[in-house]
Amino acid sequence: MLNGSARVSAIRITHQVAAGQPLSRAGMEEVQIADTGIDYLPWSQHISYAQRLARVTLLPGTLLTRQMTATASEELIPGKARVGLALKPGQSPAELRRGQRVQVISLPGQDTGDHNSIVLAKSALVDAVSEPGTGGSSRLVNVIVDADLSPRVAAYASNGQIVLAYLPAAH
């Protein structure tokens, strides 16, 4: 029988967070709940968990558990590779952030006669993003893709033939 008087402090999500998107401190609140033995994350850990990604879509009112979150590095497992891209303005969305999902698209080659764009990676995870430099210089973006795709992504990137397309509802 549960003792209804025992209370614990837990993290409740206040704003929807799509799978793969970063959690934020502003999207969490402290709530007192009955201690049922379920492994809800304690409020004392909210700062460290605000740096993690949602593993599943989290709806407002959800009480957060460890299994609902992931770190970007958890996606970097055998069979995956982190590829660094130097992208010029227009080759990635301005609002690109760590934790977002993107399509990695190759641009047609000017000197190859190829006129077709190709989706190289349907849902790559953005692992890091630098701020664009001043004067329209490039910014650095790391993406995690399947390891067998990484040589092609790197080759197109080295020729400046990569564009990233943001996938707002990707899982």
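The values are calculated or read from the model by the stated rules, or taken from the named source; none is laboratory data. None of the values given here were measured: they were computed from a predicted structure. Note that we place each Cβ from the backbone using ideal geometry, even for glycine, and neighbour counts take in every protein chain shown. Keep in mind that these areas ignore ligands, DNA and RNA; they rest on the heavy atoms of the full protein, side chains included. Shrake-Rupley method; radii C 1.70, N 1.55, O 1.52, S 1.80 Å.
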- request: Working only within the range 61-92, note down all residues that are of a type outside the set (Ser, Thr, Tyr), within 27 Å of Ile13 (Cβ to Cβ), at pLDDT 90 or above and part of a loop (DSSP other than H, G, I, E, B).
  value: Gly61, Leu64
message: For the range 36-90, give me each residue that is over 21 Å from Asn142 (Cβ atoms) and hydroxyl-bearing (Ser, Thr, Tyr).
response: Thr36, Tyr40, Ser44, Ser48, Tyr49, Thr57, Thr62, Thr65
task: Would you mind finding the one in Arg98, Arg55 that is of a type outside the set (Ser, Thr, Tyr) and out of contact with any helix residue (DSSP H, G or I) (no Cβ under 6 Å at 6 or more places or on another chain)?
output: Arg98
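Being β-branched (Val, Ile, Thr) and open to solvent by 40 Å² or more (accessible area, probe 1.4 Å) is the filter here, so list the residues in the range 24-37 that pass it. Can you show your working first?
Let us first name the residues in the range 24-37 that are β-branched (Val, Ile, Thr), namely 31, 33, 36.
Of everything in the range 24-37, just one residue is β-branched (Val, Ile, Thr) and open to solvent by 40 Å² or more (accessible area, probe 1.4 Å), namely Thr36.
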task: Test Ile47 against the criterion of being in a loop (DSSP other than H, G, I, E, B), out of contact with any Pro (no Cβ under 9 Å at 6 or more places or on another chain) and open to solvent by 30 Å² or more (accessible area, probe 1.4 Å), and give yes or no.
output: no
query: Can you name every residue in the range 16-58 that is closer than 24 Å to Val102 by Cβ and among the hydrophobic types (A, V, I, L, M, F, W, C)?
result: Val17, Ala18, Ala19, Leu23, Ala26, Ala50, Leu53, Ala54, Val56, Leu58
field: Answer residue from the range 147-171, given it is open to solvent by less than 50 Å² (accessible area, probe 1.4 Å) and modelled with pLDDT under 90 and is nearest to Ala54 (Cα to Cα) among those
entry: Ala170
- prompt: Yes or no: Tyr40 of a type in the set (Ser, Thr, Tyr), surrounded by 14 or more Cβ atoms within 10 Å (Cβ to Cβ) and over 23 Å from Pro168 (Cβ atoms)?
  reply: yes
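Could you run through the range 154-171 and say how many residues are β-branched (Val, Ile, Thr) and either within 15 Å of the chain's Cα centre (by Cα) or under 15 Å from Asp127 (Cα atoms) (or both)? Full working, then the answer.
Start the filter on the range 154-171 by keeping residues that are β-branched (Val, Ile, Thr), which leaves 162-163.
Next, from what is left, pick out any that are either within 15 Å of the chain's Cα centre (by Cα) or under 15 Å from Asp127 (Cα atoms) (or both): none.
Residues that pass the stated criteria total 0.
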query: Among the candidates Leu53, Leu87, Leu96, which residue alone is buried (at least 18 other Cβ atoms within 10 Å of the Cβ), hydrophobic (A, V, I, L, M, F, W, C) and under 24 Å from Gln161 (Cβ atoms)?
result: Leu87
- line: When every residue in the range 128-146 that is open to solvent by 40 Å² or more (accessible area, probe 1.4 Å) and closer than 26 Å to Gly79 by Cβ is compared, the one modelled with the lowest pLDDT is Val129
Positions within the range 5-23 being out of contact with any Gly (no Cβ under 6 Å at 6 or more places or on another chain), open to solvent by 60 Å² or more (accessible area, probe 1.4 Å) and either outside any strand (DSSP E or B) or within 30 Å of Leu76 (Cα to Cα) (or both), in sequence order: Ser5, Arg12, Gln16
- prompt: Would you say Arg101 is closer than 28 Å to Ala155 by Cα and open to solvent by 20 Å² or more (accessible area, probe 1.4 Å)?
  reply: yes
